[in-house]
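Just below is one structure, and these are the notes that go with it.
The values are calculated or read from the model by the stated rules, or taken from the named source; none is laboratory data. Model, not experiment: these values are computed from the prediction. Positions of Cβ are backbone-derived with ideal geometry, glycine not excepted, and every protein chain shown enters the neighbour counts. Side chains are part of the model used for accessible areas, which takes the heavy atoms of the whole protein and leaves out ligands, DNA and RNA. Shrake-Rupley method; radii C 1.70, N 1.55, O 1.52, S 1.80 Å.
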Amino acid sequence: MLEAYRLGGSLYVPVTHKDCLRIANGRKWPELRSVIFCTEDAVAAEALGPALDNLRHLLDKMRPSSETLRFVRVRNPEILSWLLDLPGIDKLNGFVLPKLDMSNIDAYMDQLGGSRRRYHCMPTLETRDVFDPARMTELRDYIIERGYQDQILALRIGGNDLLALLGIRRPCDRTLYRTPLGLTIANLVTVFKPHGFQLTAPVFEHIDCPEILEEELGEDLAHGLCGKTAIHPDQLPLIDSRFRVSPSDLEAAQRILDDDRAVFKFGGSMCELATHSAWAEHIVGRAAMGR
């Protein structure tokens, strides 16, 4: 079973990239945990035809399996339909579904439910509906009611698209949590996570600001997000190191799960079985996957 905390640091790669095949086969950046080959925002409309030709070639030449989890970010439900008919499509672990909302969820999920293989998907929340908690609650309940949740590995938060809707670009001197999206991310966490959904953090597009990225990663973890996608390989070591379970957290988690006391002190903090066991189980699970 594929678990969301295996994602850690993912890397976005345009499907037009010259090294797509080496990346997919683990020859370039073999330490990469997951890669998302993009056919959407990273590909200009006039380059879509050659990009899809490149994707067809990529699937043909890819190894049947890889230590790197491999996803394709489709452009729309029509591209997903085209992809599902391609030879070699079963070499992918799944798909990223952009701009998912009530208007297109069935067009995406019905195709995945009807495919011969059970693919995982990561819908991206990046439309105007994201700013309305009532609409997000409606979407959550619909996903559960329709049985789509079993195929959803994680929900992705599309930070740049959401800022674009506000006419804002993220400043390079502060984290996303110090923009209007801070409240939006918190609302998404409280709407979805109590119902068993995992969420991944928005990308950080300022490649030369590692100190702000590190600060933002601390906020991502404090909000319970399960991974963050890099737009440049230089970001991956920092992302992976911050999502790696610390020895002190692992020891605390193990004590919470193993100790027969309802409440006790460890590492200068109160540990309480009733309220901390869900966190502890998640930490132990992440540690088992090398996170």
Exercise for the section: Could you state how much accessible area residue 243 has, in square angstrom rounded to the nearest 10, with a 1.4 Å probe and all protein chains kept in place? Expected result: 0
Fill in the blank from the handout: In nm, the gap between the two label points placed 7 Å beyond Cα toward Cβ at residue 63 and residue 164 is 3.5
Fill in the blank from the handout: In nm, the gap between the two label points placed 7 Å beyond Cα toward Cβ at residue 46 and residue 183 is 4.2
Completion exercise
Per the charge dipole of the range 228-291 (beta-carbon charges, Lys/Arg positive, Asp/Glu negative, Cα centre), the residue among 229, 277, 289 reaching farthest to the positive end is 229
Problem - Estimated dipole of the chain in Debye, rounded to 20 [Cβ of Lys and Arg +1, of Asp and Glu -1, Cα centre] - result: 680
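Order the peptides 33-46, 130-143 from the highest to the lowest mean number of other Cβ atoms within 10 Å of their residues. Walk me through the numbers before you get to the answer.
Details: 33-46: 18.8, 130-143: 16.4.
Put in order of decreasing packing, that is 33-46, 130-143.
Would you check the chain for Lys pairs whose C-alpha atoms are within less than 19 Å, ignoring same-chain pairs closer than 8 in sequence, and give me the count?
Details: 18/28; 18/61; 28/61; 28/91; 61/91; 99/228; 193/228.
Taking the Cα cut-off of 19 Å, the pair count is 7.
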Exercise for the section: Just read off the accessible area of residue 28 with the full protein assembly in place, 1.4 Å probe, to the nearest 10 Å². Expected result: 50
Practice task
For the range 12-46 and the range 47-65, compute the distance between their C-alpha centroids and round to whole Å.
Solution key: 10
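With runs of 4+ DSSP H residues as the only contributors, calculate the mean residue ellipticity of the chain at 222 nm using -39,500 (n - 2.57) per run, divided by the residue total and rounded to the nearest 500. Display every interim value, and only then the final one.
Values: 11 runs with 119 residues, N = 291.
So the helix-based figure for the chain works out to -12500 deg cm²/dmol.
Ignoring ligands, DNA and RNA, what percent of the accessible area of the range 1-76 is carbon or sulfur (1.4 Å)?
Carbon with sulfur: 49 percent of the solvent-accessible area.
So, with +1 on the Cβ of K and R and -1 on the Cβ of D and E, and no other charges, what is the size of the charge dipole of the range 1-156 about its Cα centre, to the nearest 20 debye? Intermediate results must be reported in sequence, preceding the final value.
Working: 22 positive and 22 negative charges, 160 e Å.
Here the range 1-156 has a charge dipole of around 760 debye.
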Exercise for the section: Sum up the charges of everything whose Cβ sits under 10 Å from the Cβ of residue 21, counting Lys and Arg as +1 and Asp and Glu as -1, but leave residue 21 out. Expected result: +4
Practice task
Show 65, 269, 115 ordered by accessible area, largest first, where the area counts protein heavy atoms only and the probe is 1.4 Å.
Solution key: 65, 269, 115
Completion exercise
So, relative contact order of the range 173-243 in percent, Cα under 8 Å, 6 or more apart, is 36
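Taking 0.36 nm per residue of separation and subtracting the Cα-Cα distance, what length does fully extending residue 273 through residue 221 add? Please report the intermediate quantities before stating the final value.
On the way: separation 52, 0.36 × 52 = 18.72 nm, distance 2.10 nm.
Using 0.36 nm per residue and subtracting the Cα-Cα distance, I get 16.6 nm.
Carbon and sulfur together cover what percent of the accessible area of the range 88-132 at a 1.4 Å probe radius? List each step's numbers first, then the result.
Working: 740 of 1700 Å².
Reported share for carbon and sulfur atoms: 43 percent.
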Problem - Under 5 Å, built H, 5+ apart or other chain: amide partners of residue 200 - result: 155, 156, 157, 226
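Is there a quick way to get the dipole size of the range 209-291? I mean about its Cα centre, with the Cβ of Lys and Arg at +1 and of Asp and Glu at -1; what is the value in debye to the nearest 20? Display every interim value, and only then the final one.
Details: 8 positive and 15 negative charges, 50 e Å.
Computed charge dipole of the range 209-291: roughly 240 debye.
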Problem - Between helix 105-114 and the chain: long-axis angle, C-alpha atoms, 0 to 90°, nearest 10 - result: 80
Completion exercise
Relative contact order of the chain (C-alpha contacts under 8 Å, at least 6 apart) in percent is 17
